[in-house]
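Notes follow the structure.
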Amino acid sequence: MWRVMAMLCASALLVPGLTFAQSFGGNSCVDNCEGHSAGYEWAEDNGIQSEDECSGNSSSFEEGCRTYVEEPDRGAEYDDDGNEIDE
């Protein structure tokens, strides 16, 4: 069973066009991490210092805000893999 699983995982890495979900601050992104980036930038612009101050219309925005509180020097331009977030 382990051999089959290992072969499937290894072959998945070789499939062209197969992409993995982006993440921002350890949170999965639905669409290019734009909501996370917006939440991070909002928190930065407003000097947010506590996760309790993070509220918004979407979970991704709130996660981005919380990421700012946890990692204020991280920046909002790139996902966790270093890919630029297009706005």
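The values are calculated or read from the model by the stated rules, or taken from the named source; none is laboratory data. In this text, all values refer to a predicted model and were calculated from it rather than measured experimentally. Every residue, glycine as well, gets a Cβ built from its backbone with ideal geometry; the counts of neighbours run over all protein chains shown. For accessibility, only protein heavy atoms count, side chains too; no ligands or nucleic acids. Shrake-Rupley method; radii C 1.70, N 1.55, O 1.52, S 1.80 Å.
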Enumerate the amide H contacts of Asn27 below 5 Å, restricted to partners 5 or more residues apart or on another chain; note that Pro and chain-start residues carry no placed amide H.
none
Taking a point 7 angstrom from the Cα of Gln49 along the C-beta vector, which residues in region 57-87 have backbone N less than 20 Å away?
65-75
Taking all protein chains together and a probe of 1.4 Å, list Phe24, Phe61 from the most accessible to the least accessible.
Phe61, Phe24
Of the accessible area of region 21-85, computed with a 1.4 Å probe and all protein chains kept, carbon and sulfur make up a percent value of 35 percent
